[in-house]
Structures are given as C-alpha cells and as structure tokens.
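Structure, as structure tokens:
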Amino acid sequence: QVQLVESGGGLVQAGGSLRLSCAASGWTFSGYAVGWFRQAPGKEREFVAAISWSGGRTYYADSVKGRFTISRGNAQNTVNLQMNSLKPEDTAVYYCAAGSSSGYRGTYEYDYWGQGTQVTVSS
C-alpha cells in the first residue's frame, strides 16, 4: 500500500525555521517527482516546492523562493523541506505528494498524497 507520511510541523515564531520530512512507506520515490503543497483555512491548496525524480531540478513558488529548500534525503524514500525566515502567512497544513507526470505545479500532477502536517507561525 502506497503511503506518504509528513512530519516536522509545529508552532514557531516569525523568523524561525522548521524542517518538514516526507517519507514513503512501503515503497520508494524512485521515478517519482515529489512536491510540497499547503492549504490555509478558507483557501485553495497551493504549490510550494517540488523536486524532480532525479533530484537534479527544483521548483519553488515565488512566495517561498530564497527561504525554503527542497531536497531528497540520503535514502530513496525521503524528501525534506527546509523552511527558514518563516512568516505568519506561511501558516497552513503542508502536504507532500508524489507523481510521475511531467509537470510540478498543479495538484492534478500528483498521484499520491500524505495526510498533512500543521505549520503555525506566530507573529
């Protein structure tokens, strides 16, 4: 059974950092691009960052560029999102997703989703 499990969310003050992890349970990310999305209350789920299946290409939303870094872990089944200089507007539930499509920014590009982890940034 394909499962994605996010971890690392929590409460942090503005300007602080968090590191989210996405683990594939029972399989690996080999051949799959992995993306991070977030959804704030009352808003649509939005693209945050993605990494190609090889790890050679990364993509970021303009709102997080220069502050967030997506990377593949040493194991084939983890992807991390390092979030620095956090702002209150980064508060949302963060989801990781895996897909074999050629695109990265749309939710429809992804086949598998995790349950999400809450990130709250206080001002």
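The values are calculated or read from the model by the stated rules, or taken from the named source; none is laboratory data. Bear in mind that the values here come from a model prediction, so they are computed numbers and not experimental data. Quick reminder, even Gly has a Cβ in these numbers, built from the backbone with ideal geometry, and neighbours come from all protein chains shown. SASA here: full protein model, heavy atoms, side chains in, ligands and nucleic acids out. Shrake-Rupley method; radii C 1.70, N 1.55, O 1.52, S 1.80 Å.
With respect to S63, determine if the residue is closer than 30 Å to S123 by Cβ, among the polar types (S, T, N, Q) and under 11 Å from the mean Cα position of the chain (by Cα).
Answer is no for this residue.
Determine which single condition S30 fails, assuming it passes every other condition in (1) surrounded by 14 or more Cβ atoms within 10 Å (Cβ to Cβ); (2) assigned to a loop (DSSP other than H, G, I, E, B).
(1)
Take S25 and tell me if it is open to solvent by less than 20 Å² (accessible area, probe 1.4 Å), of a type in the set (S, T, Y) and either closer than 13 Å to E109 by Cα or out of contact with any Phe, Trp or Tyr (no Cβ under 8 Å at 6 or more places or on another chain) (or both).
When the stated conditions are applied, S25 does not pass them.
Within segment 60-78, how many residues turn out to be in contact with a Gly (Cβ under 6 Å, 6 or more places away or on another chain) and surrounded by fewer than 17 Cβ atoms within 10 Å (Cβ to Cβ)?
Step one: list which residues in segment 60-78 are in contact with a Gly (Cβ under 6 Å, 6 or more places away or on another chain), which gives 72.
Next, from what is left, pick out any that are surrounded by fewer than 17 Cβ atoms within 10 Å (Cβ to Cβ): none.
Qualifying residue count, segment 60-78: 0.
May I ask you to list the residues in segment 44-59 that are of a type in the set (S, T, Y) and surrounded by 13 or more Cβ atoms within 10 Å (Cβ to Cβ)?
S52, T58, Y59, listed by residue number.
For segment 60-92, what are the residues that are of a type in the set (G, A, S) and either touching a strand residue (DSSP E or B) at 6+ places or on another chain (Cβ under 7 Å) or at negative phi (or both)?
A61, S63, S71, G73, A75, A92
Which of the numbered conditions does P41 fail, given that it passes all the others? Conditions: (1) at pLDDT 95 or above; (2) under 23 Å from S122 (Cβ atoms); (3) surrounded by fewer than 18 Cβ atoms within 10 Å (Cβ to Cβ).
(1)
If a residue must be modelled with pLDDT of 95 or more and either outside any loop (DSSP other than H, G, I, E, B) or among the small types (G, A, S) (or both), how many such residues does segment 52-70 contain?
Residues flagged as modelled with pLDDT of 95 or more and either outside any loop (DSSP other than H, G, I, E, B) or among the small types (G, A, S) (or both) within segment 52-70 amount to 9.
Only residues that are under 22 Å from G26 (Cα atoms) and either over 11 Å from the mean Cα position of the chain (by Cα) or open to solvent by 50 Å² or more (accessible area, probe 1.4 Å) (or both): list them for segment 79-123, please. Before the answer, list the steps.
Step one: filter segment 79-123 for residues under 22 Å from G26 (Cα atoms), giving 79-81, 94-101, 109-117.
G99, S100, S101, E109, Y110, D111, Y112, W113, Q115 - these are the residues of segment 79-123 that are under 22 Å from G26 (Cα atoms) and either over 11 Å from the mean Cα position of the chain (by Cα) or open to solvent by 50 Å² or more (accessible area, probe 1.4 Å) (or both).
Give the number of residues within segment 24-38 that are more than 11 Å from the chain's Cα centre (by Cα) and at pLDDT 95 or above.
0
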